[in-house]
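The values are calculated or read from the model by the stated rules, or taken from the named source; none is laboratory data. Only a predicted model underlies this, so the values are computations on that prediction, with no experimental measurement involved. Because the Cβ atoms are built from the backbone with ideal geometry, glycine has one as well, and the counts that use them run over all protein chains shown. Calculation scope for accessible area: heavy atoms of the full protein, side chains included, ligands and nucleic acids excluded. Shrake-Rupley method; radii C 1.70, N 1.55, O 1.52, S 1.80 Å.
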Amino acid sequence: MNIHTKNINSPVISHLANVAHSLCQSGLLGVFYGSISARLSANSFLINRKDALLDKMTNDSFITLHDKEDYRWQEASLDSFIHANIYRNFLEARFVMYSHAPYATSYSLNHDTIKPIDYLGHRILGSKSKILDSKEYETLYERADTDIVRYFKTNPANFVLLKGCGIYGYGRDLSALVKLIAVVENSCKILHFNNLLDQSYADESRFEI
């Protein structure tokens, strides 16, 4: 067992590991791409390591970080600074997740908003959600923690689709957070297929029998 996780409540690690495995199976997390964390106290949280196999998480896959940065931050997920800033600014955040959701990420490249056309998406996400512009990829991680928190403070939502990157979200309940991110991904998937159908029937051939 890792020295930095030996004192962590094992059900927390087990819960995160099980959820991460399910997310990998559904395509919402990649084997090496994505992040998931849980708040442990007012100034500490548990997050996956940057080299963790997200579909086969163990105690050694996680590391505990505190507000004061030290050598452990170098071993943690690249998203750690984003997770930390969300925890600092939103006391209701008990869990934070980043999903490189393929359909949502693809949809974000050519759109500025998500406008769900499916019932579940419209009911849960609303009629429209803004997509956050990632701007220059080269400088993304230098400002993403600030940009994402600013978005959450100025928009009535606890998720954001970052253009070309994926979905960041936070919440009190991990299951509810996972469901939210799944709804965003599924709504973008439906929009994608609907757009393909519209393009396939762009001329009068759509009326032929």
Of the residues in the stretch 125-146, those that are of a type in the set (Asp, Glu) and either closer than 13 Å to LEU161 by Cβ or in contact with an Asp or Glu (Cβ under 6 Å, 6 or more places away or on another chain) (or both) come to ASP133
All positions within the stretch 30-44 that are open to solvent by 10 Å² or more (accessible area, probe 1.4 Å) and of a type in the set (A, V, I, L, M, F, W, C) = VAL31, PHE32, LEU40, ALA42
Counting only residues that are closer than 20 Å to GLY126 by Cβ and surrounded by fewer than 18 Cβ atoms within 10 Å (Cβ to Cβ), the stretch 164-181 contains a total of 4
Scanning the stretch 51-65 residue by residue, the ones that are modelled with pLDDT of 95 or more and open to solvent by 40 Å² or more (accessible area, probe 1.4 Å) total 0
So which of ALA84, ALA20, ALA76, ALA52 ends up being within 22 Å of GLU185 (Cα to Cα) and under 18 Å from the mean Cα position of the chain (by Cα)?
-> ALA20
Across the stretch 123-148, which residue is least open to solvent (accessible area, probe 1.4 Å) among those that are outside any helix (DSSP H, G or I) and over 17 Å from ILE181 (Cα atoms)?
-> SER134
Show the residue pairs that are 6+ apart or on different chains and have beta-carbon atoms under 6 Å apart, the first residue being within the stretch 84-98 and modelled with pLDDT of 95 or more, the second being open to solvent by 10 Å² or more (accessible area, probe 1.4 Å) and of a type in the set (Lys, Arg).
-> TYR87/ARG39; GLU92/ARG172; ARG94/ARG39; ARG94/ARG172
State all residues of the stretch 149-174 that are under 13 Å from the mean Cα position of the chain (by Cα) and assigned to a helix (DSSP H, G or I); if no residue qualifies, say none.
-> LEU174
Matching residues in the stretch 76-122 (open to solvent by 70 Å² or more (accessible area, probe 1.4 Å), farther than 20 Å from ALA42 by Cβ and among the charged types (D, E, K, R)) number 2
Among the residues of the stretch 30-65, write down those that are closer than 20 Å to ALA176 by Cα and of a type in the set (Val, Ile, Thr).
-> ILE36, ILE47
Determine whether ASP70 is acidic (Asp, Glu), surrounded by 13 or more Cβ atoms within 10 Å (Cβ to Cβ) and modelled with pLDDT under 95.
-> no
From the residues in the stretch 36-78 that are touching a residue at least 60 places away in the same chain (Cβ under 8 Å) and touching a Phe, Trp or Tyr at 6+ places or on another chain (Cβ under 6 Å), which one is nearest to ILE167 (Cα to Cα)?
-> SER37
